[in-house]
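In what follows, a structure is listed as structure tokens, so that the remarks can point back to it.
Please treat every number below as a calculation from the coordinates, not as lab data. Since this is a predicted model, take the numbers as computed values, not measurements. Quick reminder, even Gly has a Cβ in these numbers, built from the backbone with ideal geometry, and neighbours come from all protein chains shown.
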Amino acid sequence: MSFKVKMACAATLLALGSAAHAERVIVSYDSNGQGLKKGHQVKVEGKGWFAVELDENGKSAIRGKKGFKSMEADYKRFPMAIYNDDAGDPASQQLTPYAIYQSQADQLTLQPGQKVCVIDSGIAGGQGETGGKNFDFDWSVITGDSDSGTGDWFTDGGPHGTHVAGTVGAADNGFGVVGMAPGVPMHIIKVFNASGWGYSSDLAYAAEKCTQAGANIITMSLGGGGANSVEENAFNTFTNNGGLVLAAAGNDGNNVRSYPAGYKSVMMIGANDANNNIASFSQFPSNTKTSGRGGNQTTETDDGFGVEITAGGVDTLSTYPSGGATIASLTVDGVGVPTAATDNTGSVSGSTYFMGTAEATDSGANGKICVIDRGNISFADKINNCGNSGGIGAVVINNVAGEGVIYMDITGVTTNIPAVGTAYEDRSAIVGATNASINSGASDYGYMSGTSMATPGAAGVAALVWSNFPSCTGTEIREALKATAEDQGAPGRDDYFGYGIVKAKNAYDYLLANGCAGGDTDPTDNAPVASFDYSCTELSCSFTDGSSDDNGIATYSWNFGDGNSSTAVNPSHTFAADGTYTVTLTVTDSAGQSDSTSQTVTVAAGGDTGGDTIDLSANGYKVKGRHNIDLAWSGATSNDVDVYRNGSLIATTANDGAFTDSTNNRGGAVYNYQLCEAGTSTCSSEVTVVF
């Protein structure tokens, strides 16, 4: 694909200025239309088409000429990566990213015969825009093509392409990181730089170059709005010739279909995190598409219109151009703790001082490393208060369990002391420590998040599996990956996960047992999902099953945590004494697949403990720099709920358990959220999100 990547305001303004009276379009022509190009500056061309910028007069003139067939908008295509941050230190040993274990890629061995075509911003084979050569590749099996205007394919046009390529095939060489398909041959096509974007016509051109290079897999961590037939036909041709094309679903966290991922011939990839949760930014278009108008309107359902599988795409560790990333390491009392870097780098060691939430300066921090809880004020203000107190470094601890380390936006910091973010789970160790060491600085490795990171991961898995079954077609590999993905989210296929998280060993076993054509290709015969609700009055509780399975639950097994059990579907149980009990439900389907879930149940004589509490959680993230907050809740019983931000009602919405507050705010901010049953004072506790 050809495109310029929009990365800077200046570049954007220049592009808008130059296109004020002209639009880039793709012109298709027949055997009589070679002369249509005469007098025009052709941007890129392929068989029977070319891309050019035309104003309205130019469009009218070319439409009337001999050989003209059609004219379509040449849509921009952007690289898809957000929430970039850097952490870890792979310089001293080889690290395996979590997505490799999650996708079972460590359980297979790459065989010869595969080549992956990476259409992106080039690769760090020499000094580029971000840094120098990264040696964590088998350079003897890497080739490439440069697109017009982007420069050499072996110099980076920003770190995006090098990170993507490393996710596919970084070498298994004892240092750095390892890719999904270590050392797989790759062909690199550089279609954008850090200061621009690309066009759909560039992708069509790139697909032809991938074919000429002998690639059988194309991976594209990019996309944008609008479809056109030239781009679609290029990928149709590649797929029809036995290849496999994968593209990123997009990072706007909505149900909009991005292209080229939205074409049926392209496998759309979503992103999940290390805990098998869908990434908050991963787009989730429906697999049903309506086109045409009036009596010509048609509706079609196809897997290719939506997400088909997901792979790890949150905090993905991979290669960067040399020196182009920032890493951080933290030790407390000599023990390493996971951490995330900020723009404030450096190396310090010293005694620790706990500053609470660091809402004011504190002379006790003088000459020490500040240990700070997240909350109430911005990260920048916390770090400034530490520095202004004489602190020599800052460690900020997350206040949300399960969210991992904090990736801090420290815009507004005026001190230069090194600062890092850590996870809530390590709070006790950090607060209880007497000494700490922070080290952060330039590195050849770093983290990125996005469906851009999930897509090369899935492409690497495809290469790994396909290399063991070389007689299969790309379409057969695609079906095998869907049929064996680990179901997550709603049972069966859903718009967020598609068929689930990609699993290399599962796909290998499936093809080994069934051959390339597959056996039972219905991927929805999944294990059951156990779930239940309960209501208690004093010591007596009623339990209601909410489990699901493709073909129905066969047996139920309840353990009430007090030595008693039941096999009823919806049992009742009276506990003998006040207390908190762990109740576990295990369900088994007719295929022998089972699942268990547990909840803590508190009972007391004379009390009502039945689930009236509203539990609210919040997750903040940025979309194009603007603050977005996902709210999730349970326990509300009304039809509608009221959403409050910083004490003010901002929305009344359906009680469906989820709401996204999309703001136009940037920089540092603190948001306090509360959710109430509509028109009542039955409310959750406040939760706080700090940017």
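Using a Förster distance of 45 angstrom, determine the FRET efficiency expected from the C-beta separation of Ala678 and Gln212, and round it to 0.05. Can you show the working numbers first?
Details: r = 61 Å, r/R0 = 1.36.
Rounded to the nearest 0.05, the efficiency is 0.15.
Protection proxy ranking, highest mean first, for peptides 151-163, 246-258, 310-322: 310-322, 151-163, 246-258, where packing is the per-residue count of other beta-carbon atoms within 10 Å, averaged. This ranking places Arg77, Arg63, Arg645, Arg293 by how few other beta-carbon atoms lie within 10 Å of each, fewest first, which gives Arg293, Arg63, Arg645, Arg77. Taking Cβ atoms as reference points and 10 Å as the exclusive limit, the residues near Ala170 contribute a net charge of -3, counting Lys and Arg as +1 and Asp and Glu as -1. For the pair Tyr101 and Asn435, what calculated FRET efficiency results from E = 1/(1 + (r/R0)^6), where r is the Cβ-Cβ distance and R0 = 25 Å, to the nearest 0.05? E between Asn435 and Tyr101, to the nearest 0.05, is 0.15.
Could you pull out the pairs from Lys43/Lys482; Lys43/Lys115; Lys47/Lys133; Lys133/Lys264; Lys190/Lys264; Lys69/Lys264 whose alpha carbons sit more than 31 Å apart here? Where the Cα-Cα span goes over 31 Å, the pairs concerned are Lys43/Lys482; Lys47/Lys133; Lys133/Lys264. Nearest 0.05, what FRET efficiency do Ser566 and Asp533 give at R0 = 25 Å with Cβ-Cβ as r? It comes out at approximately 0.95.
When both segment 365-423 and segment 504-519 are represented by their alpha-carbon centers, they are found 50 Å apart.
Computed extension length for Ser140-Glu686: 190.9 nm, one decimal, from 0.36 nm per residue of separation with the Cα-Cα distance subtracted. Each other residue within a Cβ distance under 13 Å of Ala360 adds +1 if Lys or Arg and -1 if Asp or Glu, for a net charge of -2. Among (1) 28; (2) 36; (3) 25, only one was calculated for this model; which label is it, if the read-out is percent of Cα pairs over 46 Å apart? Answer label, from the structure shown: (3). Taking the inverse of the mean reciprocal distance over all distinct Cα pairs, the Kirkwood hydrodynamic radius of segment 79-317 comes to 18.3 Å.
Do the sum for the chain: with -39,500 (n - 2.57) for every DSSP H run of n ≥ 4, divided by all residues, what is the mean residue ellipticity at 222 nm, to the nearest 500 deg cm²/dmol? Mind showing how you got there, number by number?
Values: 11 runs with 112 residues, N = 691.
That calculation yields -5000 deg cm²/dmol at 222 nm.
The order of the peptides 327-339, 98-110 by mean Cβ neighbours within 10 Å, most packed first, is 98-110, 327-339.
First select every other residue whose beta carbon is under 12 angstrom from the beta carbon of Ala99; then total the charges, Lys and Arg +1, Asp and Glu -1.
Combined, the nearby Lys, Arg, Asp and Glu give -2.
Helices that extend 27 Å or more along their long axis by alpha-carbon positions and average at least -1.0 on the Kyte-Doolittle scale are absent among the DSSP H runs of the chain.
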